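Reviewing the structure listed below.
The values are calculated or read from the model by the stated rules, or taken from the named source; none is laboratory data. Treat the numbers as computed from the prediction; the structure is a model and nothing was measured. Glycine gets a Cβ as well: all are built from the backbone with ideal geometry, and neighbour counts include every protein chain shown. Only protein heavy atoms, including side chains, enter the accessible area calculation; ligands, DNA and RNA are left aside. Shrake-Rupley method; radii C 1.70, N 1.55, O 1.52, S 1.80 Å.
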Amino acid sequence: MSTTAHPSTESKESRLKRYLRERAEDDGELYFKGKFIADDVGLSPKEIGALMAKLSGSVSDLEIEKWSYTSATTWRVALA
């Protein structure tokens, strides 16, 4: 499939990557739950969770890992 078939998916992924990079650069590392950044990136917590799982294996300049699970997944992001 071409990327033009799913422009909104690409846009969502790009927005989330940009947000994560900016926050990781500012703070060195970032811990968050999707529900707490959903408004900041304009995505639902469910969309964030799905994208984070995808990004964790495909973004080389960020270290992304599931940190813990207490009522929602906590993610840790740092610059690689």
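Data table
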| read-out | value |
| --- | --- |
| Yes/no for Lys33 being in contact with a helix residue (DSSP H, G or I) (Cβ under 9 Å, 6 or more places away or on another chain), of a type in the set (D, E, K, R) and open to solvent by 90 Å² or more (accessible area, probe 1.4 Å) | no |
| Where Arg21 falls short, out of the listed (1) open to solvent by 90 Å² or more (accessible area, probe 1.4 Å); (2) at pLDDT 95 or above | (1) |
| Residue in segment 53-72 that is in contact with a Phe, Trp or Tyr (Cβ under 6 Å, 6 or more places away or on another chain) and either open to solvent by less than 30 Å² (accessible area, probe 1.4 Å) or β-branched (Val, Ile, Thr) (or both) present | no |
| First in segment 52-66 and farther than 15 Å from Phe32 by Cα, second anywhere and exposed (fewer than 13 other Cβ atoms within 10 Å of the Cβ), Cβ under 7 Å, 6 or more apart | Ser60/Ala80; Asp61/Ala80 |
